[in-house]
């Protein structure tokens, strides 16, 4: 049985939560540590655990952490690089994914076709570790992130001293004996822990197995594990090419202001326009009208998740995560909550940046609906309405306020019953490839800046073939790839906001892991610490 399986779920939850909360614990100091520990102890007790003082909870976390770090390495080895034939790997993953899907369908009563979600077909297309499909798999991302978190926290505490202080003081009663090698050197000591009235358990879980192996076999096994971990590390660091490109463009005025998003940083990015476009916001030159920023202060809120169901306001709520399509005038409920979160995130950032950038309290939030848009990935225009320029006036016909979107989605959600019948994407008819949905939308809605026009544009899309027709057109144009629900992020076609969201997410993760690894190894080179969201159109 896994050692983690012996802990109550809430205990595992606490340690997972603390790994995130203490990522920057050096900045919060002892007071911040105890505050987080108090929150954790209260949650632990609320979930049925015994009452623990914050200081005791913090100590338990520190004592547990070294074994967690070892588990992180073992998880990468066991769940990602286990040596087995491709067919065995595919079948194993298919069984796990199918079981998870069945559980999800039963729990949420979601109608779905297992034949339409054949994970074996997806895995059979993976050719290399550097394939996006491989890196995007849940077990790769989950175990890889765990390993990065382990490196991030390792250098922050002297865990050996914490354990020695505890075992020589309050933990003395748990110490039963000490096993030493023949040379009797302290570095080979293994402390065994035993709670009163219980059997002996080794502090290091692999001790018993290591004792049964010869030194040669043990070293060989250790080498294999090390090589596999390094192999995974190369997968991550090989993506520095993307991070470096992103860092080169992270010169915009928002690069060091992402923190104003507060907790919304995990979901969204704030980006600015090109410096030249910002500089000509008030220009009357016809060459700049419609190209320059719409205001003296004009930003974009970008969504990190690149699932194409969110690529534009036109398709909000028309399908769910499984690409099950809703009937006309109905809507997935999460669409309404998502747009509300976008509104709150944008206003949160403006409030944070108001003092440094001079934002007024008259802020407009606008979408450009498909057909009138210039970029095929989601971005919310954040505009200071007290300082608008000629470009704002020239684009008023297509500036759809976020409140108009919320009004339509609220009405559609209200008309959607819990038993609303959805249909699969494949059941919808394909349309003539010569039909350009973008042009047809503009013809049907030449002006699209209020709720009634927005509702009419959504109805027109259903008449033209719905999301099936739109998905097929995006695939033909290269913005989607068959078998993947995510927008492409390459240069051809150049989808600027999707690419920026991808590069920013990768760049930040690599900067955190790269600088931490350098601290461990004593190196000083790495990505610029100001890597962050930047000039959107660089």
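Could you say which residue among 302, 269 is touching a residue at least 60 places away in the same chain (Cβ under 8 Å), in contact with a strand residue (DSSP E or B) (Cβ under 6 Å, 6 or more places away or on another chain), more than 28 Å from residue 441 (Cα to Cα) and in the same structural domain as residue 427 (by TED's automatic domain parsing)? Only one candidate passes the filter, namely 269.
To keep it simple, each residue is scored yes or no on (1) in a helix (DSSP H, G or I); (2) under 18 Å from residue 334 (Cβ atoms); (3) in the same structural domain as residue 321 (by TED's automatic domain parsing).
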residue	(1), (2), (3)
409	yes, yes, yes
413	yes, yes, yes
416	no, yes, yes
429	no, no, yes
432	no, no, yes
438	yes, no, yes
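Residue 334 satisfies every condition listed in (1) crowded, with 17+ Cβ neighbours inside 10 Å; (2) assigned to a helix (DSSP H, G or I) except (1). Taken as a whole, the condition of being within 20 Å of residue 270 (Cβ to Cβ), in contact (Cβ under 8 Å) with a residue 12 or more places away in the chain, surrounded by 22 or more Cβ atoms within 10 Å (Cβ to Cβ) and in contact with a helix residue (DSSP H, G or I) (Cβ under 7 Å, 6 or more places away or on another chain) does not apply to residue 409.
Checked against (1) surrounded by 15 or more Cβ atoms within 10 Å (Cβ to Cβ); (2) outside the structural domain of residue 369 (by TED's automatic domain parsing); (3) without any contact (Cβ under 8 Å) to a residue 40 or more places away in the chain; (4) in contact with a helix residue (DSSP H, G or I) (Cβ under 8 Å, 6 or more places away or on another chain), residue 480 meets all criteria but (3).
Put simply, of 365, 347, 380 the only residue that is in contact with a strand residue (DSSP E or B) (Cβ under 9 Å, 6 or more places away or on another chain), surrounded by fewer than 19 Cβ atoms within 10 Å (Cβ to Cβ), in the same structural domain as residue 262 (by TED's automatic domain parsing) and modelled with pLDDT of 95 or more is 347. You will find that of 442, 496, 506, the residue that is modelled with pLDDT under 90 and either within 27 Å of residue 395 (Cβ to Cβ) or touching a strand residue (DSSP E or B) at 6+ places or on another chain (Cβ under 6 Å) (or both) is 496 and no other.
The values are calculated or read from the model by the stated rules, or taken from the named source; none is laboratory data. Here the structure is a predicted model, which means the values were calculated and not measured. Every residue, glycine as well, gets a Cβ built from its backbone with ideal geometry; the counts of neighbours run over all protein chains shown.
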